[in-house]
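Inspection log for the structure reproduced underneath, given as structure tokens.
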Amino acid sequence: MSVAGHAHAHQPTAAQPRLRQRVFAFDMDGVLYLGERRIDGAAEALAQVRQLGLPAYFISNNSRQTPLELALKLQGMGIDAGPEQVVSGVVATAAYLKTLQPHPTTVLVMGGPALARGIAESGFTVASWDGRDAPDVVVVGVDFELSYQRLVRATRAIRPGGARFLAVNADGVYPTADGPLPGSGAIAAAIRAVTEAEPIIVGKPAPMMFQAVCTRAGCAPADLVVVGDLIEADVAGANAFGATSVLVLTGSSTRDQSTGAAPNQRPHYLIETLYDLPLGALLGPQPAEVRA
């Protein structure tokens, strides 16, 4: 049964087995909203998931906004969300930094205030740009203050035997209302060209963001349902992580692209809108193939 069905049809009775406990992770842009407009079915799908007592999280490669800012944006669109339910590029990066061994203490942040604040609030010292401190890690996000001097500082820190190199995501383009800008991937590529060091990518499709959700929710990868609009990021990442993937056609990827995707990038479920979210099937056994 889809979201359009009746909620009480999902409630277990004496004759029905208990529903499988799932954790939902909804991508944001292209799934819940487009720009500043809420996508039809988003609020209804979230309400249905929560009525069933299932946790819902919101995921995004965005590193320019804090979890609170992203939660407030959702609230402004009539979607109930708290910052503790948002797992963004900022959250995933800070969580991944904590897993590194040897444990880093000083991080050079090439990104906006939200990224620097999130890393600092996670217990790391944010390195200055004047070169006085030697960072253990260089983190690259979208940096509106990017300069040649900052690139020099980052490349010198990363040179062989130096700092580890992380990028919030591999996106070459950062979309804005005024047109595309260089994204994290483009800035990281400039540093890679000089240092020949490959950055560790934290955001989707890498597993760090999905792992951060599972850590918060206390769930196994097989119990996670990822709902996204991008085959190469949301679907491919979810499949590789061992989660269930749902591709919704309200954002970037198309049905034809899904059909033509490599087997490991095909969604377990393909839906037109969130009204079609197949909750009945998702609360049953783990799917083994694409369902349309």
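Read-outs throughout are calculated quantities, based only on the coordinates presented, and are distinct from any laboratory measurement. Owing to the predicted nature of the structure, the values given are computational and were not obtained by experimental measurement. Cβ coordinates were reconstructed from backbone atoms using ideal geometry, including for glycine residues, and neighbour counts include every protein chain displayed.
For this structure, a couple of remarks:
- The chain - mean residue ellipticity at 222 nm from DSSP helices (-39,500 (n - 2.57) per run, n ≥ 4, rounded to 500): -8000 deg cm²/dmol
- Counting only Cβ charges, +1 for Lys and Arg and -1 for Asp and Glu, the dipole size of the chain around its Cα centre is about 580 debye.
- Cα coordinate range in the chain, projected on the principal axes (Å, largest first): 68, 37, 36
- The amide H of L181, built 1.01 Å from its N in the peptide plane, has Y174, T176 as neighbours under 5 Å, considering only residues 5 or more places off or on other chains.
- Only Cα pairs under 8 Å and 6+ residues apart enter the sum, and on that basis the relative contact order of the chain stands at 20 percent.
- Choice from Y275, Y148, Y174 with maximal GNM fluctuation in the chain (Cα, 10 Å cutoff): Y148
- Here's how it looks for T105: its modeled amide H is under 5 Å from those of D136, which are all 5 or more places away or on a different chain.
- Fraction of beta bridges assigned by DSSP in the chain that are antiparallel (%, nearest 5): 10
- Put simply, the Cα atoms of region 195-291 extend 48, 34, 21 Å along their principal axes, the longest span coming first.
- Working from Cα pairs under 8 Å separated by at least six residues, relative contact order for region 101-201 is 24 percent.
- Lys, Arg +1 and Asp, Glu -1 on Cβ, resulting dipole of region 101-201 about Cα centre, debye, nearest 20: 260
- DSSP-defined antiparallel bridges as percent of all bridges, region 101-201, nearest 5: 15
- Cα-based Kirkwood hydrodynamic radius, region 101-201, one decimal, Å: 13.6
- Gaussian network model of the chain, springs between alpha carbon atoms under 10 Å - residue of D229, D80, D29 with greatest fluctuation: D80
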